[in-house]
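What follows is a single structure, written as structure tokens, with notes after it.
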Amino acid sequence: MKSRNLLAVLAPLGAIAFSFAFISVILIAKGSNPIEVVKSMAEYGFASRNLVAELNIASTYYIAGVAAAIGFKMNLFNIGIDGQYRLAVFFAAVIGGMVSLPPVLHVALIIFVAMAVGGLWGALAGYLKVKRGISEVISTIMLNAIAAGIVAYLLQPQQLGEQATGSNNLNTPIIDSSGWLPTIPILGGEVHGFIIFSLLIGLAYWVLLNKSVFGFNLRATGFSFRAARAGGVNASRMILITMALSGAMAGLIGMGTLLSQTHSYSISFPSGFAFTGLALALLGRNHPVGIALAAFFWAFLDRSSGVLDLNGVPREIITIMQGTLILSIVVAYQLVKIVNKKQEQKFVGKATLPESNLVKTEGVVSK
Amino acid sequence: MSTIIDVQGIEKKYPGVIANYDVNLKIESGEIHAIIGENGAGKSTLMKILYGLVAPDSGRVLINGKKVSFKSPQDAMELGVGMVHQHFMLADNATVLENVILGSEPTSTGGVIQFEAARIKLLEIAEKYGLNVRPDQLVSELGIGERQRVEIAKVLYKGAKILILDEPTAVLVPQEVKALFENLKELTSHGLTIIFISHKLDEVLAMANSITVMRSGTTVASVEPKNTNKGELAKLMVGGELPKRGDTSTKPSDEPVLSLSHVSCLAPDQREILSDVSLTVHKGEILGIAGVAGNGQSELIETIMGLIKIDSGTITILNVDISALTSREIRDSGVGYIPQDRQRDGLLMMAPLWENRILGHQSTPPISNGFWVNKSAAKIDSERIVKELDVRTPSINVMAAALSGGNQQKFIVGREMSGDPNLLIASQPTRGVDVGAQSLIWNKLIEARLSGMAILLISSDLDELFNLSDRLAVISKGKIVAVLDPETTTPEQLGLAMTGEKI
Amino acid sequence: MTDLLNSFLRNRWVRKIASPSRFTLFVVALLIIVSTVRRITGAADITSAGLSGATLRFTIPLLMAGLGGLWAERSGVINIGLEGMMIAGTWLGAWFAFIYGPWVGFLAAAIGGAVIGLFHGILVVRIGIDQAVSGLAINILALGAARYLSGILFPSRGGDISLSPVVEQTPTLTVPGISPLLGSIADKNIFLLSDGAGILSGFVTEISYATILLLLAVPLSTWILWKTKFGLRLRFCGENPVAAESLGVKVYRMRYMALAISGMFASVGGAYLSLVASQVYREGQTGGRGFIGLATVIFGNWRPSGVLAGSVLFGVTDALRIRQPTSIHAALLVVIIAGSIYVIWAFATGRMKHGVRALMATSFIGLIYLTVPEIPREFVSFFPNLATILVLVLLAQRLKPPAMLAVPYREREETE
């Protein structure tokens, strides 16, 4: 069984090595020196100013990863993280900007709204799956487009948004400072205070999933809907709850930025968290520490890619690397799985040769 | 008549199981040859070898005196061996004709299918052998009997001269069985050879020209129906002595554990799936439920387990009404449940064994305190089950999928009996397991009965029912039609009751 | 004389016209409704040649993506990577068209798409990774690769990282005689006649040969999938791969081919965007059309003709959105009238349940029509997505997806 754990560690490392090799080939083809490129990325990426930015991005990515991982634990593929996040952060910003409350309460309300909106939007996909048998992959893709349309509509100046004079950036009204979360000064920069929540969320996710009855029920439903049902789990309800939880988590993705940085939602808020979240959950094997490492790595790649343009390399090489990485990681895991299964069967096979079958009790009665 | 198939000394091993060994079989041209045996006797493996799906490890198969080695079912088909599967290999979303021609489509240049030619050929075959099929119907519109005819037409279309039918009557209603037998007779009258697998002795005696009995992976006898009888066949299938009933000196108490009174239950389409079912299982009693598959057994279990809601009547366990409780609450009130499909309903196949110990016991000590799961308790108790039930596994950390069927089942039995439930629902507890596992599971059930557990045993294995049950209830079309005493009831009486006749 | 008359009446074409098919009736009825609405609302654009031409240009990319999705799904594999394959098509099409002309652009897109489709196939069929993961990764890879290559190749040639240099137009066809004739009828403002002419005129004026060729993909797909051995086997891989394999069908190989075809269609759809709908590659040009392609497959009930119908519907809304948002309001009225006719027909033929449902839906749309003066553009943009969810929710029983869609399948190994 030791070889199994070894393989589980080797697989992601191998995938990272492979994707590095792959982009090196691309870079060489273009006439750039991959070693130089990596060197300048490392120099840039590890500069303290950039490290702070990377921490902030990573904490955002981390939550996306956890949101995806919750779904994965149930065999659900929540591509809807994008839509859930967008609706959630939008409404949280709008409602946060409308009210004035005492400091802590104000922040709590914003976070609550984000989780509720994201959770409901996620639960909608869960409902469609449970009641109508619609695959969450399809429904969440469709719901993403709908969410994006709703937000784009509501963000217009004549609806809930406003437009700063002389700019075509649309945003929601600025939230009062009572609804701000302080930043933490580290390395001469400002890290979003929400990062602490992110860490707590990771911990809660892990404990709940691996130690609690609820977590067992969730995982059991993921392993086998029917077996969970026969084991007394209301498996349909678990699907609904899981989608809601995953959506609520997705709702928190934008909180660091909203509460500590921009204090309003604008069209320049980043998107594409569904892919990032799913990628990180896969890379980190749904483990909170794994996802955290993956999130930092991802953020590092994103941030340090900024230096590439100066080297005459389009920074999109990093996007290619991330795509390659994710494919190689799932391929690696799949291969490990096949090898493990074969080994285990062999192992068990040896141990359980049935002797009772070997006794022939009676001769053949001829016609 | 000449020997068309001659099987000599076939052996086939799978990891952990010897499926076939020393199998010998002679089939004459133009006969209906039945192969009988209990579940797990090796019939299916033998058939897979005959129609080319798996290759034997050793031994040889002769067809018309020539040694053959099939690499695929197509090879077998080329020599005229065709398989009619129990689970039909049809696509619902395609027409009968499309299903029939797949794999041997008549085409003109460019791969265009000549549907007209195919339709004519199919209709000719249907005409010749009296198979009523309509080429342009969608398979999704067909009933079970019609689908079976399509399957038969399919292998005939491909030129089969030897047809293998795997438990063809298992899914049919009596009229359809009759029609099928007429079809089969018709086929043999045209010189085709039929091999059919069954464990229904009456059918075999009525239909077959010769019978081969298999047990524990090997052929034990070949007999002709006119020289044998049901008793002898049953004895050959079971081998040696019938397992004796456990200690019958102790009588069940009068204290009811489970009682259903006037329970009815409707399917979504308003069809009655359980109608006015009343029965009681007492402390220290095994109540057997006998019946032809699909007569409401699974619904009966699911209503007791709270998985489907009843429409009228009451279900009580130890005098507490459980009709409105959730499945979780019912389990917590002291109910163990061995589902009939262990791989789909009984286990998390891709989870380690110890995690499987938790399934069904998420909210009961020692595994859980209702909110947190106690992992070490689950591991300790898994070790206990592995030891007590002789589950052959290298460790409790391997995936459930890695165990053989018998060992998976032993683990489930151990799990469901842990915590000494008041009531155990055991559905097909020994289906498809090896003889060793079977006797161990039977002994466990008998022990539990002696210690006062109430057991509801649902089984299609008559030996199991007769050997374990204190009383036998017969279910037919969702109704309990008879409650019998296994000591005095004959198999004939039971058979009649199972077909819904009053006795 | 009577013989002549009889033979005339028995003529195939005469009989066809005398007893029109449901489709013809449907088209005529729709035309009448649309013309009426134009009269009532004065929304002249809804029967203009401009709109029908635009509709065609918006329809083709969706149709190609949809057919791509259909081919993949019929073989049992879901292709979330359609969007990425389209992106690849827009880029490859533009780049090769820039160097060698538009037809080579299409060819390059087709080959590139087939290669990506095959890549998806090897990942999900042979190795067996999750179909959605592979699809999403392809989307991201295509996006990254297109931008990366643009950054290297375009700036020195008059474009930039998100924009290609302008490429040569594909040749177009204006049917001589008919096009000007229809145009002049359309200008006369005669009820029905001018409307019909207006719409038709969009289909015969300056229509790209690429459009005509790609429309042929619909009957071609139907023919291959339902009339040939290859198609039959491919469909069985999606319905019952176990049975197919037991009858000698190479399931993996069929799925590889289906995915290559799928990628080819999606990519050609992308190339259409950059070569015909506009003459330049622009980042973000696909705008999620790959995903709408997935929607048209569901909407079209996994049939090429259905995919066409879905693409036209979504193409019209897209065209309306871009041209004159006010026309959308008029389009609602078309739906309301058509809905009312259906309601009456349903009640008249005694199908009360359908009638009531349709009545409720029509009343709802009527309410929107009366209360909302202008449907926001943003809402129109997600109409295909919403429509698909509604179809899945309301018409689930009518849908016939391949039985083993997206279910991983392992071919039997040599010795079990």
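The values are calculated or read from the model by the stated rules, or taken from the named source; none is laboratory data. Since the structure is predicted, the reported quantities are computational estimates derived from the model, not experimental observations. For neighbour counting, all protein chains shown are included, and Cβ atoms are generated from backbone atoms with ideal geometry for every residue, glycine included. The accessibility values were calculated without ligands, DNA or RNA, using every heavy atom of the protein model including side chains. Shrake-Rupley method; radii C 1.70, N 1.55, O 1.52, S 1.80 Å.
Oblate is the label for the stretch C:46-302, because the ratio a/c of its alpha-carbon gyration tensor axes (a ≥ b ≥ c) is 1.5 or higher and a/b is not greater than b/c. Accessible surface of C:Phe230, taken over heavy atoms with a 1.4 Å probe and every protein chain present, rounds to 60 Å². With contributions of -39500 (n - 2.57) from each DSSP H run of at least four residues, the per-residue ellipticity at 222 nm computed over chain A stands at -23000 deg cm²/dmol.
Karplus-based coupling profile of the stretch B:199-207, in residue order and whole Hz: 10, 9, 5, 4, 4, 4, 5, 6, 9, with θ = phi - 60° in 6.51 cos²θ - 1.76 cosθ + 1.60 and x standing for Gly or Pro. Over 32 Å apart at the Cα level, from the set B:Lys235/B:Lys444; A:Lys337/B:Lys154; B:Lys71/C:Lys229, are A:Lys337/B:Lys154.
Computed with the Debye formula from one identical point scatterer per Cα of the protein assembly as shown, without solvent, the log10 of I(q)/I(0) at q = 0.08 Å⁻¹ comes to -1.11. Every helix of 4 or more DSSP H residues in chain B counts as -39500 (n - 2.57), and over all residues that averages to -9500 deg cm²/dmol at 222 nm.
With a 10 Å cut-off around each Cβ of B:349-360, the average count of Cβ atoms from other chains is 4. Screening chain A for DSSP H helices whose Cα atoms reach 18 Å or more along their own axis and whose mean Kyte hydropathy is at least 1.6 gives A:136-154, A:194-211. Quick one: plug the Kirkwood hydrodynamic radius of the stretch B:3-238 (C-alpha pairs) into Stokes-Einstein at 37 °C, 0.692 mPa s, and report D in µm²/s. The diffusion coefficient I find is 179 µm²/s. In degrees, nearest 10, range 0 to 90: what is the angle between the Cα axis of helix C:304-323 and the longest Cα principal axis of chain C? Its long axis makes an angle of about 70 degrees. Span-like helix criteria (full DSSP H runs; alpha carbon extent of at least 15 Å along the helix axis; mean Kyte-Doolittle hydropathy of at least 0.0) are satisfied in chain B by B:115-129, B:435-450. In this structure, the amide hydrogen of B:Arg215, modeled 1.01 Å from its nitrogen in the peptide plane, lies closer than 5 angstrom to those of B:Val220, counting only residues at least 5 positions away or on a different chain. Around the Cα centre of chain B, unit charges on the Cβ atoms of Lys, Arg, Asp and Glu (plus for the first two, minus for the last two) sum to a dipole of about 1060 debye. Based on protein heavy atoms only, the stretch C:221-332 ends up with 29 Å² per residue of surface accessible to a 1.4 Å probe. Of B:Val435, B:Gly414, B:Gln270, which is farthest towards the positive pole of the stretch B:256-498's charge dipole, taken about the Cα centre with +1 and -1 on the beta-carbons of Lys, Arg and Asp, Glu respectively? About the Cα centre, the residue reaching furthest to the positive side is B:Gly414. Net charge dipole, the stretch C:190-322: roughly 580 debye, given to the nearest 20, about the Cα centre with Cβ charges of +1 for Lys and Arg and -1 for Asp and Glu. Between rounded, prolate and oblate, where does the stretch C:324-401 land on the alpha carbon gyration tensor, with a ≥ b ≥ c its root eigenvalues, rounded for a/c under 1.5, else prolate if a/b exceeds b/c? Note, shape of the stretch C:324-401 comes out oblate.
For the set C:Tyr100, C:Tyr209, A:Tyr153, solvent exposure ranked by accessible area (probe 1.4 Å, protein chains only) runs largest to smallest as C:Tyr100, C:Tyr209, A:Tyr153.
Residue pairs exceeding 23 angstrom between C-alpha atoms, taken from B:Lys26/B:Lys121; B:Lys161/B:Lys185; B:Lys12/B:Lys43; B:Lys13/B:Lys48: B:Lys26/B:Lys121.
Over the stretch A:45-312, the alpha carbon radius of gyration divided by the compact-protein estimate 2.2 N^0.38 Å works out to 1.01. Each of A:Val130, B:Pro352, B:Leu187 was scored by the projection of its Cα onto the charge dipole of the protein assembly as shown, and the greatest displacement toward the positive side belongs to B:Leu187; charges sit on the C-beta of Lys, Arg, Asp and Glu. Dividing the helix sum by the residues of chain C, where each DSSP H run of 4 or more adds -39500 (n - 2.57), gives a mean residue ellipticity at 222 nm of -23000 deg cm²/dmol. Database remark: amide H of B:Leu258 closer than 5 angstrom to the amide H of B:Val281, B:Leu318 (H placed geometrically; neighbours at sequence offset of 5 or more, or on other chains; Pro and chain starts carry no H).
Each of B:Ile425, B:Leu25, B:Ser210 was placed along the dipole of chain B (beta-carbon charges, centred on the mean Cα), and the one lying farthest toward the positive end is B:Leu25.
With θ taken as phi - 60° and the Karplus curve 6.51 cos²θ - 1.76 cosθ + 1.60 applied, the whole-hertz 3J(HN,Hα) list for the stretch B:90-101 is 10, 9, 4, 8, 10, 7, 4, 4, 4, 5, 5, 7 Hz, x standing for glycine and proline. Helix C:131-153 and the long axis of chain C differ in direction by around 90°, with both axes built from C-alpha atoms. About the centre of its Cα atoms, the protein assembly as shown shows a dipole size close to 1600 debye [charges on the beta carbon of Lys, Arg (+1) and Asp, Glu (-1) only; nearest 20 debye]. Remark on B:Thr107: its backbone amide H falls under 5 Å from those of B:Gln114, a criterion applied only to residues 5 or more positions apart or on other chains, H modelled at 1.01 Å from N. Along the stretch C:32-49 the Karplus relation, 6.51 cos²θ - 1.76 cosθ + 1.60 evaluated at θ = phi - 60°, assigns HN-Hα couplings of 4, 4, 4, 4, 4, 4, 4, 4, 5, 8, x, 7, 4, 5, 5, 10, 8, 5 Hz to successive residues, with x for each Gly and Pro. Site-free segments of chain B were taken between GluC sites (Glu not before Pro) in DSSP loops having at most 15 other Cβ atoms within 10 Å, sites themselves excluded; the longest one is B:242-486. The apolar share of the surface of the stretch A:45-312, taken as the fraction of accessible area on carbon and sulfur atoms (1.4 Å probe, ligands and nucleic acids excluded), comes to 66 percent. I'd like the orientation of helix C:217-227 relative to chain C: the angle between its Cα long axis and the longest Cα principal axis, in ° from 0 to 90, rounded to 10. The answer is roughly 70 degrees.
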